[in-house]
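Enquirer: Next up is a structure, given as structure tokens.
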Amino acid sequence: MKVKIKSNKGAAKRFKKTANGFKHRKSNRAHILTKKAPKRKRQLRGTHQVAAADVPLVQRMLPNTH
């Protein structure tokens, strides 16, 4: 009998697998937005690639994504 490896559920909610690695949402865009510059808020929009140095860590937390 083979034991299944569990995914880290916190990581599963934050990262999605793409063809080129993983995407994630930038932090600091949830609240206290009045003191942040429009340029800063604009650059925090959308999703971004996980840094190359962090990809092995994310892969380890999400073993069931190939």
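Enquirer: For the chain, calculate the relative contact order in percent as a whole number, restricting contacts to Cα pairs under 8 Å that are 6 or more residues apart. Don't skip to the answer; put the middle values down first.
Expert: Numbers: 55 pairs, mean separation 28.7, N = 66.
Taking the mean separation of contacting Cα pairs over the length of the chain, I get 43 percent.
Enquirer: Treating only the Cβ of Lys, Arg, Asp and Glu as charged (+1, +1, -1, -1), what charge dipole size does the stretch 27-66 show about its Cα centre? Round to the nearest 20 debye.
Expert: Numbers: 9 positive and 1 negative charges, 97 e Å.
Here the size comes out at about 460 debye.
Enquirer: Could you count how many Lys pairs in the stretch 15-66 have their Cα atoms under 20 Å apart, skipping same-chain pairs fewer than 8 positions apart? Don't skip to the end; give the middle numbers.
Expert: Details: Lys16/Lys26; Lys17/Lys26; Lys23/Lys41; Lys26/Lys35; Lys26/Lys36; Lys26/Lys39; Lys26/Lys41.
The result is 7.
Enquirer: So what's the net charge close to Thr18: Lys and Arg +1, Asp and Glu -1, counting the other residues with Cβ under 15 Å from its Cβ? Provide the component values of the computation, followed by the final result.
Expert: Working: positive: Arg14, Lys16, Lys17, Lys23, Arg25; negative: Asp54.
Neighbourhood net charge equals +4.
Enquirer: How large is the accessible surface per residue of the chain, computed with a 1.4 Å probe and reported in Å² as a whole number? Display every interim value, and only then the final one.
Expert: On the way: 5850 Å² over 66 residues.
On a per-residue basis, 89 Å².
Enquirer: Can you show me the helix-derived [θ] at 222 nm for the chain, built from DSSP H runs with n ≥ 4 at -39,500 (n - 2.57) apiece and divided by the number of residues, rounded to the nearest 500. Display every interim value, and only then the final one.
Expert: Working: 3 runs with 19 residues, N = 66.
Rounded to the nearest 500, the figure is -7000 deg cm²/dmol.
Enquirer: Now, a different point. With every protein chain left in place and a probe of 1.4 Å, what is the accessible surface of His48, to the nearest 10 Å²?
Expert: Number for this one is 60 Å².
Enquirer: Given the options Val50, Pro63, Leu33, identify the residue whose Cα lies farthest towards the positive end of the charge dipole of the chain (+1 on Cβ of Lys, Arg; -1 on Cβ of Asp, Glu).
Expert: It is Leu33.
Enquirer: One quarter of the convex hull surface, Cα atoms only: what value does that give for the chain in nm²? Don't skip to the answer; put the middle values down first.
Expert: On the way: hull surface 22.6 nm².
The directionally averaged projection comes out at 5.7 nm².
The values are calculated or read from the model by the stated rules, or taken from the named source; none is laboratory data. Fair warning: this is a prediction, and the values are worked out from it, not measured in the lab. When we count neighbours, we look across all protein chains shown, and the Cβ atoms used for this are built from the backbone with ideal geometry, even at glycine. Ligands, DNA and RNA are stripped out before the accessible areas are found, and what is left, the full protein with its side chains, is counted by its heavy atoms. Shrake-Rupley method; radii C 1.70, N 1.55, O 1.52, S 1.80 Å.
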